[in-house]
Each structure stands twice: as structure tokens, then as C-alpha cells.
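Since the structure comes first, as C-alpha cells, the remarks are kept for the end.
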Amino acid sequence: MMTDLPGAFVVSLDFELHWGMRDVAEPAEASAVLIESRSVVRELVALFEERQIRATWATVGMLFASSLVQLEPFLPLSRPHYLRDELDPYKEEIGPDEESDPLHLAGSLVHLIAEAPGQEVGSHTFSHFYCLEAGQDEKALRADLASAQTIAESIGIKLTSLVLPRNQWNPAYCGAVRDSGFNCYRGPQPSWGHQARAVTDTSGLRRAARLADTYAGIGPPPTTAWEQTLEGDGITNVPASAFLRPYARQLRHLGVLQHRRLVSGLRDAARRGRIFHLWWHPHNFVRDRTENFDRLNRLLDEFGSLARSDGLRSMSMCDVASAASD
């Protein structure tokens with residue numbers, strides 16, 4: 001019975017490098033942070049192995065390649081035609097190999113993640129596809145997800161979990177997601193400030209609401225009952241509960257509030273047999289790296305305590321989908 005399942009702590013990471021920042025930062029501007037984030041990936045993988053944390057790495061499909069020659073056969077013929085030109089990834093110049101272009105190619109890191117115990121390689125679409133931006137359609141999404149699957153299969157990985165860029169879940173595309181081989185996705189955090197919408201429709205008020213929610217939300221972050229994860233068409237939704245907002249020196253005095261709020265989410269999941277889903281990007285840990293890893297370790301300490309006292313389990317997104325469908 002699904003209601004007999006214990007509480008779960010789910011971690012997912014949006015692994016995208018420059019593909020996820022093209023519209024907000026030029027390569028020259030972002031390069032130092034993004035190059036350093038590659039070592040953050042290695043450190044997180046080692047930490048998760050040491051602490052026995054299972055996680056889903058939602059990875060942009062283009063990062064599966066280690067060279068341009070390896071990538072080119074998987075580029076889809078049907079592509080989005082975004083009205084905002086800066087969103088089009090196919091205009092990006094890509095170097096010949098991972099060594100010369102560490103911002104756009106990351107096959108070595110994908111292999112590292114795939115070979116680590118308990119780590120699931122999921123999808124962040126092939127091209128960092130935006131499902132709610134003007135100029136895209138279902139045909140282009142299907143082609144994109146097909147490319148994500150085939151490039152993953154070329155190195156022996158079957159993708160089943162999907163995280164859509166900017167959490168732009170579009171219910172009209174549920175069939176396309178299912179038909180493309182995915183049975184699990186990360187839905188947006190169920191609150192007003194986190195509703196799925198195009199970037200141009202995201203107001204300053206909504207951004208302020210998300211910031212306030214990090215530090216001063218009423219009650220614990222939202223957790224999900226197991227029976228709420230199953231949706232129609234055989235799709236499992238593992239909604240986000242909270243974003244692990246990176247350490248900020250100007251807000252350092254509020255860090256204790258964020259920690260308390262995240263701990264309250266873990267405790268709610270553990271004691272009520274629900275799911276707490278925490279997510280972030282590896283590049284969020286580059287600046288103030290020591291502080292960010294210290295905060296994560298303190299949170300993992302709390303998880304360990306709840307695992308012993310209440311049976312809270314570490315689960316990837318695919319673990320949740322499997323358990324929910326049994």
C-alpha cells in the first residue's frame with residue numbers, strides 16, 4: 001500500500017552549465033563560475049556517496065557529449081523558433097571538445113555521475129527547452145526529448161526522470177513527455193510565487209514572494225503525500241518543496257531562518273510519511289563554497305537523525321516513481 005511508505009527526502013540538481021544561462025549571462029561573464037562548478041559537481045558526487053544520499057541529476061542533453069563530433073548526430077531537425085532570440089541554443093558556438101569548451105560539453109562529468117552509487121542521471125531536456133516561451137510547440141519538444149533519449153542511450157543510460165527548465169511544466173505536453181519514455185517529472189513548488197510561467201510573465205512581486213518564502217514562510221515548506229504523486233497517463237509528479245538558495249553574505253544573518261525552514265520540511269516529511277523535495281544547481285555552490293557545503297552538511301546531519309528516529313529515506317526521483325507505482 002502506498003500509504004505505508006515512509007517519508008522521503010528527494011534531492012534533484014539542475015545540471016546545465018552555460019546552456020541554462022545563455023539568456024542571462026554571456027560565456028565570458030559566466031565562464032569562471034561555470035568552470036569552477038565542474039569541480040563542485042565532483043565534490044557533490046563524492047559527498048553524496050559518503051553520506052549515502054541518492055539524487056537525480058537533471059542534465060541538459062548536449063552535456064552528454066565530450067566533443068562536437070559526438071554531439072552533432074543527435075541534434076534534432078525540428079527545433080523551437082523562440083520569439084526571444086537569446087533563448088535559441090542552436091545559435092551557440094560550440095568548441096571541438098570538452099577540454100577546449102568546458103561550458104557546453106561535459107561527457108566526463110555525466111559518466112562520473114552515472115557510475116556513482118545512488119545517483120540517477122535524469123534529463124533537463126536536450127537543449128534546455130522552454131515549454132512556456134513563445135515560439136515553441138509540441139512537435140519541437142518531442143524532437144528535443146527524442147534527442148535527449150538517444151544521446152543518453154549512446155552511453156548506456158535510459159532517462160526516466162525529467163526536470164523542465166525554469167520549471168516550465170506545461171500540462172498540455174504530458175502525452176509528449178510520456179511518449180518520450182519519461183514516467184516522472186518535477187512539478188513546480190505548489191505556491192503562488194512558484195507557478196509555472198514564461199520568464200517574461202514572472203513579476204518582481206513573484207520573485208519577492210519566492211525570496212520571502214525561503215526565510216519567512218508560514219509553516220514548513222510544502223511536502224507531498226505519496227498518493228498525490230500519481231497523475232493520469234502513468235506520470236509521477238514529484239513536486240519541488242524548496243530551492244536550496246545559496247549563501248549570500250548580505251543575507252547571512254537570515255541563514256539560520258532558511259535552515260530552520262528546511263529542517264521543518266524534513267521533519268514534516270519524516271513524521272507524516274510524505275515527500276520533501278529539495279533542488280538547486282551545482283553552480284549555486286561556487287561562490288562562498290565553504291559556507292554552502294557547510295549548510296548542506298548540517299541539513300544532511302538532520303536527515304541522518306530523522307532516518308534513524310523516523311525511518312526517513314533518501315530517494316531519487318526514479319526511486320519515488322518506482323515506489324509510488326508498486
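Just so you know, all these numbers are worked out from the coordinates, no wet-lab data involved. Quick caveat, the model's predicted, so the values are computed rather than measured. Because the Cβ atoms are built from the backbone with ideal geometry, glycine has one as well, and the counts that use them run over all protein chains shown.
Observations
- Label positions at K158 and D85, each projected 7 Å from the Cα along the C-beta direction, are separated by 4.4 nm.
- Charge-dipole axis of segment 2-325 as Lys and Arg at +1 and Asp and Glu at -1 on Cβ define it, positive-most pick from V110, G156, W57: W57
- Residue order, fewest to most surrounding Cβ atoms within 10 angstrom, among L112, L83, L164, L262: L83, L112, L262, L164
- Arranged from fewest to most other beta-carbon atoms within 10 Å of their beta carbon, F48, F126, F74 become F74, F48, F126.
- Compared with the alpha-carbon gap, the fully stretched path from N170 to D233 is longer by 21.2 nm at 0.36 nm per residue.
- Least to most buried among L75, L296 (fewest other Cβ within 10 Å first): L75, L296
- Segment 239-326: trypsin sites (Lys or Arg not before Pro) in DSSP loop, at most 15 other beta carbons within 10 Å: R287
- Using every pair of distinct Cα positions in the chain, the Kirkwood expression returns a hydrodynamic radius of 19.9 angstrom.
- FRET E, pair R42, S100, Förster distance 25 Å, beta-carbon r, rounded to 0.05: 0.80
- Reciprocal of mean inverse Cα separation for segment 144-191 (Kirkwood radius, Å): 11.5 Å
- According to the calculation over all Cα-Cα pairs in segment 89-156, the P(r) per 5 Å bin from zero is 3, 14, 20, 23, 20, 13, 6, 1 %.
- Helical mean residue ellipticity (222 nm; -39500 (n - 2.57) per DSSP H run of 4+; nearest 500) of the chain: -12000 deg cm²/dmol
- FRET efficiency estimate (nearest 0.05) - Cβ-Cβ, D326 to R260, R0 41 angstrom: 0.75
- Full extension of the segment from N297 to E29, taken as 0.36 nm per residue of separation minus the current Cα-Cα distance, would add 93.5 nm.
- log10 of Debye I(q)/I(0), alpha-carbon scatterers only, for segment 66-191 at 0.15, 0.17, 0.20 Å⁻¹: -0.74, -0.95, -1.28
- About its Cα centre, the dipole of segment 2-325 is roughly 1420 debye, where the only charges are +1 on Lys and Arg Cβ and -1 on Asp and Glu Cβ.
- The GNM of the chain, with springs linking C-alpha atoms under 10 angstrom apart, assigns the highest mean-square fluctuation among G232, G181, G107 to G232.
- Inter-probe distance in nm under a simple model that places probes 7 Å from Cα toward Cβ, at E92 and R51: 2.8 nm
- 15 Å cut-off, amide nitrogen to a point 7 angstrom out along R249 Cα→Cβ, residues in segment 258-291: 286-291
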